[in-house]
Amino acid sequence: GQSLEQPSEVTAVEGAIVQINCTYQTSGFYGLSWYQQHDGGAPTFLSYNALDGLEETGRFSSFLSRSDSYGYLLLQELQMKDSASYFCAVSFTGNQFYFGTGTSLTVIP
Amino acid sequence: NAGVTQTPKFRVLKTGQSMTLLCAQDMNHEYMYWYRQDPGMGLRLIHYSVGEGTTAKGEVPDGYNVSRLKKQNFLLGLESAAPSQTSVYFCASRSYTGELFFGEGSRLTVL
């Protein structure tokens, strides 16, 4: 089976940096993705890591260590609009995607 | 571009009734997925399809059926709705780079 763990809630100050961790257990691991979801909205894609290392896209970066079954999402220069839920998802054989329970990020002034 | 479109967006059913949720994508993606989202549970995979005419079970398939008769459409059916199926249902399609594109969700209440 698959299991993913991520913190349920994180609070950070506007302008700061926040890291959301994700650990996983799965057979047939293919890659780790991150999605953002605002209340009542559709999840939207942020990043995808299939190989070890850091991927950077603007203010967002994502890291993967396959040997440690661990990844994280790094958000820099936090803005109020970044308040949302963030989900890590593991890709299983490249066909199936299983999501964690999500981290609710609150950005405070 | 429409992307992924789900219909209906809202529906209220009585226990035992049946219904079908329709997902349509215009990006020519091969892979499509149905998820349900409940408070504190994240997104759970119900069924998925790797191409026209194919379907497979995900984490929580019981009580649901799916069909992929056309590449652009993926239908999710509830034959006999139960209150436990009250949820928000999301359809997604996958690009060749591994990115999932989600619809806006279908909010289903079973009384």
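Only the coordinates and a few stated rules stand behind these numbers; no lab work does. Small disclaimer: the values here were computed from a predicted structure and weren't measured. Glycine also receives a Cβ, built like all others from the backbone with ideal geometry; neighbour counts cover every protein chain displayed.
Of note:
- Take the Kirkwood radius over Cα pairs of the protein assembly as shown, plug it into Stokes-Einstein at 4 °C and 1.567 mPa s, and you get 73 µm²/s for translational diffusion.
- Within the shell defined by Cβ-Cβ distances under 13 Å, the residues around residue A:31 carry a net charge of -1, with Lys and Arg each +1 and Asp and Glu each -1.
- Partner shielding of B:35-47 amounts to 4, given as the average count of beta-carbon atoms from other chains within 10 Å of each residue beta-carbon.
- Straight-line cross-link partners of residue A:81 among the lysines, defined as a Cα under 22 Å from its Cα and at least 8 positions apart when in the same chain, are absent.
- For chain B, the dipole from Cβ point charges (+1 on Lys and Arg, -1 on Asp and Glu) about the Cα centre works out to 220 debye, to the nearest 20.
- The 3J(HN,Hα) values that the Karplus relation (6.51, -1.76, 1.60; θ = phi - 60°) gives for segment B:61-78 are, in residue order, x, 5, x, 10, 10, 9, 8, 9, 6, 10, 4, 7, 10, 9, 9, 10, x, 10 Hz. Gly and Pro appear as x.
- The alpha-carbon of residue B:71 sits under 20 angstrom from the alpha-carbons of these aspartates and glutamates, leaving out residues fewer than 8 places away in its chain: B:26, B:30, B:52, B:99, B:104.
- Each residue of segment B:101-107 is assigned a 3J(HN,Hα), and the resulting list reads 10, 9, x, 7, x, 10, 9 Hz, derived from the Karplus form 6.51 cos²θ - 1.76 cosθ + 1.60 (θ = phi - 60°), x at Gly and Pro.
- Surrounding net charge for residue A:101, when Lys and Arg each add one and Asp and Glu each subtract one, Cβ distance under 15 Å: -2
- Taking Lys and Arg as +1 and Asp and Glu as -1, the other residues whose beta-carbon sits under 12 Å from that of residue A:85 total -3.
- The GluC sites (Glu not before Pro) found in segment B:57-99 that occupy coil by DSSP, while having at most 12 further C-beta atoms within 10 Å, are B:79.
- In sequence order, segment A:71-86 has phi-based couplings of x, 8, 10, 10, 10, 10, 6, 3, 10, 4, 5, 6, 4, 5, 9, 10 Hz under the Karplus curve 6.51 cos²θ - 1.76 cosθ + 1.60, θ = phi - 60°, and Gly or Pro positions carry x.
- Low-density loop positions, chymotrypsin sites (Phe, Trp or Tyr not before Pro), segment B:24-111 - DSSP coil, at most 14 other Cβ in 10 Å: B:96
- In a DSSP loop and with at most 16 other Cβ atoms within 10 Å, the trypsin sites (Lys or Arg not before Pro) in segment B:1-93 are B:9, B:14, B:70, B:71.
- Scattering curve values for segment B:1-89, log₁₀ I(q)/I(0), Debye with Cα scatterers, q = 0.14, 0.18, 0.23 Å⁻¹: -0.48, -0.79, -1.24
- Tensor-based shape of segment B:66-111 (alpha-carbon gyration tensor, a/c under 1.5 rounded, otherwise prolate or oblate): oblate
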